[in-house]
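The structure appears below as structure tokens.
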Amino acid sequence: MKIQEAEARSLMAALLSGELPDSEGRFGPFGGRFAPETLMPALFRLERQARQFFADEDACRALDEERREWVGRPTPLTRARGLERAWGAQVWIKREDLAHTGAHKINNALGQAHLARRLGAAQVVAETGAGQHGVAAAAACARVGLPCAVYMGALDMERQAPNVQRMRQLGAEVVAVDKGDRTLRAATDEAFRAWVADPHGVYYLLGSAVGPHPYPWLVRELQKIIGEEARQQFAQSAGGLPDAVFACVGGGSNAIGLFHAFLGDESARIFGIEAGGKGPGAGQNAASLCAGKPGVLHGSYSMLLYDDDGQVLETSSISAGLDYPGVGPEHALLQAVGRAAYLAASDEQALEALAECCRLEGILPALEPAHALFAARAWARENPGKRILIGLSGRGDKDMPTLTQTLS
Ligand SMILES: *Cc1c(COP(=O)(O)O)cnc(C)c1O
């Protein structure tokens, strides 16, 4: 979808001034609150309480302290001199791989766990695909002292056995979902059902900047610390702003977290990189913004991969974290108004970029941010000498089984 220039300008102004999302949870044409009637009161209550939380200085101070002492923030900004020599550019990487539990997901999980406690919830439920969000949720709930149930497709539990063990070790109950596709979609439906059954007692801890309002906004507010830190660190290290900012996009939480602080900086170009999977064909990738159309999934109107009968497509990606047919509504808006550009990198390209980062930087990135590394390199080669900032959303230890398979 493309929005005319005059309207695009006014939507960007509204986004920057905080008028978006509006009271309906809309980011321009995208977003909203497409949820069952029984959940509406819980969604309104969550938004109210989240706004009170962010306005409460003591609560914010307590969360800040936890971010420092327990998560390990601020995460470093690393000058990537090896990549610089190979790419002919100046390159900095924001190290969310060094955050507790190994990825940016903990920023969101910890913030929402604090919110759940404030709401007086008796239990937290979460859904997980590969298990990364489940691990972050389990850790955060243990930290704040709330019981946590993580819904996970039975097929995913087989494929991600180490993460299942990790969640249990951290005290979470892992609920096997042996229905539907036995993966993330079925798990999401079941977690939702648990919430609908008891909207007061249960807090639903959503893992990305997706879902019905207020989640896309709430998750962005909890993740925007990535870009706020990076912008300041970049100014200190480079003495200015980056020419281009890159991050990978699954549901879009690490990317919107990094991008947000730079949206008003017109000289900084912004690029979100999706999973190009095996190729551009239907069912071959998970590139909702590059290859999708507007539609409703999991409570929100955004860009989505579906066929002519309206059936949501299967997706394919080597990285479990990007393997989702939808995307957060704020990214759909940034694409439609032209503030950010969205590209795809294939499985093979991500593997190649991952290997290069290992070899030249001594950093094993997760497969997800490896997509962003590949796109950044391609851009660097066309725009020599520029200053590039890349969000390294997580570490690659979790990907060793996949990497070992492809190397052999
Ligand atoms: C889950 C995950 C992602 C994708 O999720 P977003 O919400 O798009 O950020 C990206 N990188 C890593 C390391 C992840 O674990």
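The values are calculated or read from the model by the stated rules, or taken from the named source; none is laboratory data. Just so it is clear, the model here is predicted, and its values are computed rather than measured. Note that each Cβ is placed from the backbone with ideal geometry, even for glycine, and that neighbours are counted across all protein chains shown. Areas reflect the complete protein model, heavy atoms only, side chains present, ligands, DNA and RNA absent. Shrake-Rupley method; radii C 1.70, N 1.55, O 1.52, S 1.80 Å.
Table for the structure above
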read-out	value
Distribution of pairwise C-alpha distances over the stretch 257-379, 10 Å bins, in %	14, 41, 34, 10, 1
For the chain, calculated [θ]222 nm from helices alone, where every DSSP H run of n ≥ 4 adds -39500 (n - 2.57)	-13500 deg cm²/dmol
Percent of beta bridges antiparallel (DSSP, the stretch 249-408, rounded to nearest 5)	55 percent
Proximal aspartates and glutamates relative to K2, as straight alpha-carbon distance under 15 Å, when same-chain residues fewer than 8 apart are discounted	E330
Cβ-placed point charges (K, R +1; D, E -1), dipole of the chain about Cα centre in debye, nearest 20	820 debye
Packing-based ranking, highest mean first, of 119-132, 349-362, 300-313 given that Cβ atoms within 10 Å are counted	119-132, 349-362, 300-313
Global geometry of the stretch 62-208, whether rounded, prolate or oblate, following the gyration tensor of its Cα atoms and the 1.5 cut on a/c	oblate
In sequence order, calculated HN-Hα J values of the stretch 85-91 (Karplus, 6.51, -1.76, 1.60; Hz; x Gly/Pro)	5, 6, 9, x, 9, 9, 10
Student exercise, the stretch 1-133 dipole from Lys, Arg, Asp, Glu Cβ charges, in Debye to nearest 20	440 debye
Vicinal HN-Hα couplings computed from phi for the stretch 64-78 (Karplus, 6.51 cos²θ - 1.76 cosθ + 1.60; Hz; Gly/Pro x)	4, 5, 5, 4, 6, 7, 10, 7, x, 8, x, 6, x, 10, 10
Residue-normalised accessible area of the stretch 1-99, given per residue in Å² at a 1.4 Å probe	52 Å²
Residues whose placed amide H lies under 5 Å from that of E274, excluding near-sequence neighbours	V249, L343, A344, A345
Pairs of alpha carbons in the chain whose separation is greater than 43 Å (percent)	4 percent
Greater than 31 Å apart at Cα, pairs in K94/K179; K224/K293; K179/K224	K94/K179; K179/K224
Cα-only Debye scattering, the stretch 72-128: base-10 log of I(q)/I(0) at q = 0.17, 0.26 Å⁻¹	-0.69, -1.01
Accessible carbon and sulfur surface of the chain relative to its total accessible area, %, 1.4 Å	49 percent
Where the stretch 105-228 is the region considered: accessible area per residue in Å², 1.4 Å probe	34 Å²
No Cys partner within the rule (Cβ under 4.7 Å), the chain	C60, C248, C290, C357, C358
Mean shadow area of the stretch 226-273 over all directions, Cα convex hull, nm²	2.9 nm²
